[in-house]
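> Quick one: the structure is below, questions incoming.
All of the numbers you see were taken from the coordinates with simple rules; none came from a lab. On a predicted model such as this, the values are computed, not experimentally measured, just so you know. Neighbour counts run over all protein chains shown; Cβ positions are idealised from the backbone, glycine included.
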Amino acid sequence: MLTYIVHVIIENKPNISDPEGDTILNDLVLKGNNSSVKKIRAGKILKFTVEASDKKKAEKIVEKICQELRIFNPLVSKVVIEAKTN
């Protein structure tokens with residue numbers, strides 16, 4: 001068994017509003033000198049450390065945990081799950 005670090009990146013789908021990202025963008029614009037930044041999307045990342053026989057298995061274990069615990073709402077969330085060896 002290998003140990004994997006599995007990242008779960010959760011953000012709102014592109015067609016869903018992102019008030020946190022909008023607030024950060026507005027703060028940048030108000031402070032000036034950041035006119036090149038046109039959009040910010042906020043999200044969260046979870047890091048799991050799991051043991052599995054391979055990368056795909058590690059990702060499946062974490063995906064199952066996330067679904068069982070309803071860690072994200074699939075109707076509004078875009079989720080990326082990526083495993084790397086530790």
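> Please list, ordered by first then second residue, the pairs with beta carbon atoms under 7 Å, 6 or more apart or interchain, first in the stretch 14-32 and free of Cβ contacts under 8 Å to residues at least 24 places away in the same chain, second of a type in the set (Lys, Arg) and surrounded by 14 or more Cβ atoms within 10 Å (Cβ to Cβ).
Listed pairs, sorted by first residue: GLY21/ARG41.
> Right, something else. Given the condition without any contact (Cβ under 8 Å) to a residue 40 or more places away in the chain and touching a His at 6+ places or on another chain (Cβ under 8 Å), answer yes or no: does some residue in the stretch 39-58 qualify?
The answer is yes, given that some residue of the stretch 39-58 is without any contact (Cβ under 8 Å) to a residue 40 or more places away in the chain and touching a His at 6+ places or on another chain (Cβ under 8 Å).
> Additional query: Restricting to strands (runs of 3 or more DSSP E) lying wholly in the chain: which have 3 or more residues that are loosely packed, with under 12 Cβ neighbours inside 10 Å?
43-52, 77-85
> Does ASP22 satisfy the condition of being out of contact with any strand residue (DSSP E or B) (no Cβ under 8 Å at 6 or more places or on another chain) and on the phi < 0 side of the Ramachandran plot?
When the stated conditions are applied, ASP22 passes them.
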